[in-house]
Amino acid sequence: MNLRNLKYFCAAYEAGSTVAAAGLCHVTQPVISNAIAQLEEELGTTLFTRQQRGLAPTAAAMRLFRLGGKLLADADAIVETFQDAASHPRLSLHIHATVSVAHVHKLLRHLKRELTHLELSVPQADEAADMALTSQACAGEGRAFLPLWEEQYALLVPADHPLAVQEDIGLADLHGAAFIERTQCEMASYWHAGLSQFKVTPDVRARVDSQEWALGLVAAGVGVTMAPLHPLDKLESIVVRHDLAELQGARRVVGLAYEPRAGEGGTLAEVLRACEPWAKALAVAG
């Protein structure tokens, strides 16, 4: 089995399309398609079904992604055993608590593919770091910022909640509603001000500092919340309401924040170059 084909397949699986995978791997779209076709012929199975919005993985693709990912990691590990430790670039990266774990996973896997020997550490929020994966609003004054993806705020409701099927909803419908408060959200003060202005007082059932906890509690039926979502996010047991008037147009951009001079060379410059396809994709989408 050709490891390069396997690498391109994994990129397509994660990106959801051959075009996006080509951008991430710095090759043309036909190269990705040919790699997938060769794997399908070699394995005697179909890996993707083509849909209008991209690729839908088959059960065989899910299995190959799991096994192939391990094979690629093992291959990288073999190479690393013969590399001098001093040649391994290091990066310390703060990750804001409200950033989706699923997109962190995709980004870090992309960096690992592009910078095979990158050694990554994730320090605590109060510890020094080379850069931060955060929203533009939280980047910090005077820091450079490379945008990677955009998210839109929405009202997230348990699937069996009355607001999940209510035809029209407004901010007043949150008065007395069981609510999950996201304490680390950069928009928290804005929401509080808006609720207070209209004398809306939700019934706060939980206060959490991470996106995953908030989504988990909503899915479990504990309450509703307002949170930013990527257009490709797929949530189970949660109904996403984009029609709350007060959330129309409320968006945030997630990216890498760093000291401007630090990005001029070395490991940070390599990381920024590796992330350029993400930034270009956002620019095209915008």
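The values are calculated or read from the model by the stated rules, or taken from the named source; none is laboratory data. Computed from a predicted structure; not experimentally measured. All Cβ positions, glycine included, derive from the backbone under ideal geometry; neighbour counts span all protein chains shown.
Kindly check whether there is at least one residue in the range 251-258 that is in contact (Cβ under 8 Å) with a residue 60 or more places away in the chain, in a loop (DSSP other than H, G, I, E, B) and buried (at least 16 other Cβ atoms within 10 Å of the Cβ).
no
Quick check on residue 121: is it within 29 Å of residue 91 (Cβ to Cβ) and either modelled with pLDDT under 95 or buried (at least 17 other Cβ atoms within 10 Å of the Cβ) (or both)?
Considered against the rule, which asks whether it is within 29 Å of residue 91 (Cβ to Cβ) and either modelled with pLDDT under 95 or buried (at least 17 other Cβ atoms within 10 Å of the Cβ) (or both), residue 121 comes out as yes.
Among what's in the range 201-219 and is modelled with pLDDT of 90 or more and part of a loop (DSSP other than H, G, I, E, B), pick the residue that is nearest to residue 101 (Cα to Cα).
202
How many residues does the range 154-187 hold that are among the small types (Gly, Ala, Ser), assigned to a loop (DSSP other than H, G, I, E, B) and out of contact with any Pro (no Cβ under 9 Å at 6 or more places or on another chain)?
Residues that pass the stated criteria total 2.
Can you pull out the residues in the range 16-58 that are free of Cβ contacts under 8 Å to residues at least 24 places away in the same chain, within 20 Å of residue 274 (Cα to Cα) and assigned to a helix (DSSP H, G or I)?
Across the range 16-58, the qualifying residues are 19, 21, 22, 29, 31.
If you go through the range 148-181, how many residues are polar (S, T, N, Q) and either buried (at least 16 other Cβ atoms within 10 Å of the Cβ) or modelled with pLDDT under 90 (or both)?
Here is the first cut: in the range 148-181, the ones polar (S, T, N, Q) are 152, 166.
Next, only the ones that are either buried (at least 16 other Cβ atoms within 10 Å of the Cβ) or modelled with pLDDT under 90 (or both) stay: 152.
Residues meeting the conditions: 1.
For the range 259-284, how many residues meet the condition of being in a helix (DSSP H, G or I), more than 16 Å from the chain's Cα centre (by Cα) and acidic (Asp, Glu)?
2
Looking only at residues in the range 105-129 that are hydrophobic (A, V, I, L, M, F, W, C) and part of a loop (DSSP other than H, G, I, E, B), which one is nearest to residue 259 (Cα to Cα)?
129
Take residue 212 and decide whether it is closer than 23 Å to residue 135 by Cβ, in the same structural domain as residue 170 (by TED's automatic domain parsing) and crowded, with 16+ Cβ neighbours inside 10 Å.
Answer is no for this residue.
Condition first: under 18 Å from the mean Cα position of the chain (by Cα), assigned by TED's automatic domain parsing to the domain that holds residue 233 and of a type outside the set (Val, Ile, Thr). Can you find one or more residues in the range 157-175 that meet it?
No: the range 157-175 contains no residue that is under 18 Å from the mean Cα position of the chain (by Cα), assigned by TED's automatic domain parsing to the domain that holds residue 233 and of a type outside the set (Val, Ile, Thr).
Which ones in the range 182-205 are closer than 13 Å to residue 227 by Cβ and surrounded by fewer than 19 Cβ atoms within 10 Å (Cβ to Cβ)?
Correct list: 183, 184, 186, 188.
Among what's in the range 49-60 and is more than 21 Å from the chain's Cα centre (by Cα) and at pLDDT below 90, pick the residue that is farthest from residue 8 (Cα to Cα).
Within the range 49-60, the first condition is being more than 21 Å from the chain's Cα centre (by Cα), and the residues that meet it are 49-52, 58-60.
Narrowing the set further to residues that are at pLDDT below 90 leaves 49-52.
Values: 49: 16, 50: 16, 51: 19, 52: 21 Å.
By that ranking, first place goes to 52.
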